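The values are calculated or read from the model by the stated rules, or taken from the named source; none is laboratory data. Please read these numbers as outputs of a predicted model, since none were measured by experiment. Here the Cβ positions follow ideal geometry from the backbone for every residue, glycine too, while neighbour counts run over all protein chains shown.
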Amino acid sequence: MPDRPHTDEALGLLRGGLEARQSPISELTSQDVWLGFLRFGRQRFDTAHTPESDGLLFQYGTYAFDGPPMFTLDFTRQFDINDADAEHDHYVQVHCELTYPPDPALHELGSFNSWFFHDAGEDLDQWAESLGCRVERLRGRRPAAIRLYEEPV
């Protein structure tokens, strides 16, 4: 669809939306980032009209990826990238990853993930509302770091 941005622009649009806030990205709370991610999630991109071509992922847990265990909250946008024959080639994920220092209250949350897909007959507002209690547990918390990045998967 020509009136929608290309998926190559997604990371820049997410970054721009978060930077447009009154505060620098490094000073945003979990709630600020979640609301910014939902605004980004409402923007449609030039993707195929298949049920899994454009998805949003809300996930968290305590992980030790690059050092000591940290609570990680990750908002991800996933795009299905097709080849020249309009067949699935790979996915691209745009991440907004928030990490928090060890905290027993966060560790007790365990791990969780939930997907939403545009063009699958779901309602974005209902999905976001269903996550309200999980977001509420993190309300007001300022992450130690916020990392925006893109990766093929």
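From 37, 58, grab the single residue that is buried (at least 17 other Cβ atoms within 10 Å of the Cβ), touching a Phe, Trp or Tyr at 6+ places or on another chain (Cβ under 8 Å) and without any contact (Cβ under 8 Å) to a residue 60 or more places away in the chain.
On inspection, the qualifying residue turns out to be 37.
Can you tell me which residues in the stretch 137-152 are basic (Lys, Arg), in contact (Cβ under 8 Å) with a residue 40 or more places away in the chain, assigned to a loop (DSSP other than H, G, I, E, B) and surrounded by 13 or more Cβ atoms within 10 Å (Cβ to Cβ)?
Within the stretch 137-152, 141, 142 meet the criteria.
Please pick out the residue among 73, 57, 106, 98 that is in a helix (DSSP H, G or I) and in contact with a strand residue (DSSP E or B) (Cβ under 9 Å, 6 or more places away or on another chain).
106
Residue check: is residue 98 surrounded by fewer than 18 Cβ atoms within 10 Å (Cβ to Cβ), among the hydrophobic types (A, V, I, L, M, F, W, C) and at pLDDT 95 or above?
no
Out of the residues in the stretch 73-90 that are modelled with pLDDT under 95 and not acidic (Asp, Glu), which is farthest from the chain's Cα centre (by Cα)?
Among those that are modelled with pLDDT under 95 and not acidic (Asp, Glu), it is 84.
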